[in-house]
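One structure is given below, encoded as structure tokens.
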Amino acid sequence: MLVFGLLFAAGFTGVGKAEAAAGSDLIIVNKKTNKLAYFSEGRLVKIFPVATGKSKELTPEGSFKMVVKVKNRPYYKEKIPGGDPANPLGDRWLGLEVNGTYGTTYAIHGNNNESSIGKYVSAGCIRMHNDDIHWLYPKIAKNTRVIITTSTLAMENIATKNGYSVGSKTFAGAFEMDGVTTKLKDPFLMDNSRVFVPLRESVALLGGSLQSEAGTGALLITIGNRTVSHKPLSGQAVVNGKTLTMPASRNENGRLMIPLSTLPELFGIQVQWSSESQSVKINL
């Protein structure tokens, strides 16, 4: 077993998710401004106006997960059917796990009164314009992290403060194999919440070889029974004669960096990401 230990530089705490589908998304609700920000792949995609609790304590603050997605949820309190224009929940419900409520009590949802958006009027939920939540709903996977706060900071700064990587940054990395940790000379790269590792040093530590293919500009990598041909900065690789599409490799200060997520397909290894330890376990 090989463990890629991502030893982050001081002050940096990356964000991992239990499910890969939610891994690169983040929602921030700032009660100070009654705005909701949607981040994906390390970038701020869109900001929406919202309504929150009529008093400060009604809308809980903290880090939560969105665990329930429902279309046309009934308003049980008043026995209003789902999808009814009179339903104050609108027709989309993104339920949050808050103190064991399992997404049934607090949510980001639509409304039946568009003029309420931007105000402090709810019983604790976060209301959106119906067109806005229709846009957001299909993009959000279960277990997406939701930060609710009251802050004077910009949305990007709130995200960074809560461990979400916005844009690009480098950090110290290491490989751990058979209980021995080897720090890499070259740093890892986080770009848009995607981790890149230095290709040449990684191949060497995996026991492989790397050389240039004459006349093609491609690199020929051999690890175990895998032979991989990859042209730097391209989004393709040829693995044992089969062409695969992949996120493009990158040049970072003269070093070729390859997405960590491509290692399973390229080199035939199993990868398990741990958000708690910020490490990747790899079975060769």
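As a length-normalised measure over Cα pairs under 8 Å and 6 or more apart, the relative contact order of segment 20-161 settles at 33 percent. Helical runs assigned H by DSSP (4 residues or longer) give the chain a calculated mean residue ellipticity at 222 nm of -2000 deg cm²/dmol, each run adding -39500 (n - 2.57) before division by the residue total. Across all C-alpha atoms in the chain, the radius of gyration and Dmax reach 22.6, 74 Å. Note on LYS142 and SER116: with the Förster distance fixed at 35 Å, the Cβ-Cβ geometry gives a FRET efficiency of about 0.80. Peptides 177-188, 124-135, 199-210, ordered by how many other C-beta atoms sit within 10 Å of their residues on average, highest first, read 124-135, 199-210, 177-188. Scanning residues 5 or more positions from LEU219 or on other chains, those with amide H under 5 Å from its amide H are GLU213, HIS230, LYS231, with H placed 1.01 Å from N in the peptide plane. Within the straight-line cut-off of under 30 Å between alpha carbons, the lysines reachable from LYS231 are LYS169, LYS183, LYS185, LYS242, LYS281, sequence neighbours fewer than 8 places apart in one chain being disregarded. Placing unit charges on the Cβ atoms of the charged side chains and taking the dipole of segment 61-181 about its Cα centre, the candidate lying farthest along the positive direction among THR150, LEU89, ILE126 is LEU89.
In order along segment 66-75, the phi-based Karplus estimate (6.51 cos²θ - 1.76 cosθ + 1.60, θ = phi - 60°) of 3J(HN,Hα) comes to 7, 10, 9, 10, 9, 9, 6, 6, x, 9 Hz; Gly and Pro are listed as x.
Against the empirical curve 2.2 N^0.38 Å, the C-alpha radius of gyration of segment 167-283 lands at a ratio of 1.03.
Given axes a ≥ b ≥ c from the Cα gyration tensor, I'd like to know whether segment 204-257 is rounded (a/c under 1.5), prolate (a/b larger than b/c) or oblate. The shape class here is rounded.
For segment 20-161, the Kirkwood hydrodynamic radius from C-alpha pairs, put into Stokes-Einstein at 25 °C and a viscosity of 0.890 mPa s, yields a diffusion coefficient of 165 µm² per second. Given Cα pairs under 8 Å that are at least 6 residues apart, what percent is the relative contact order of segment 167-283? Contact order relative to length: 16 percent.
Segment 224-245 and segment 88-149 have their alpha-carbon centroids 44 Å apart.
Dipole of the chain, Cα-centred, from +1 at each Lys and Arg C-beta and -1 at each Asp and Glu C-beta, to the nearest 20 debye?
With Lys and Arg at +1 and Asp and Glu at -1, about 460 debye.
Rule-based calculations on the coordinates, nothing more; no lab input. Computed from a prediction, not measured in an experiment: that's the story for all the values here. Note that each Cβ is placed from the backbone with ideal geometry, even for glycine, and that neighbours are counted across all protein chains shown.
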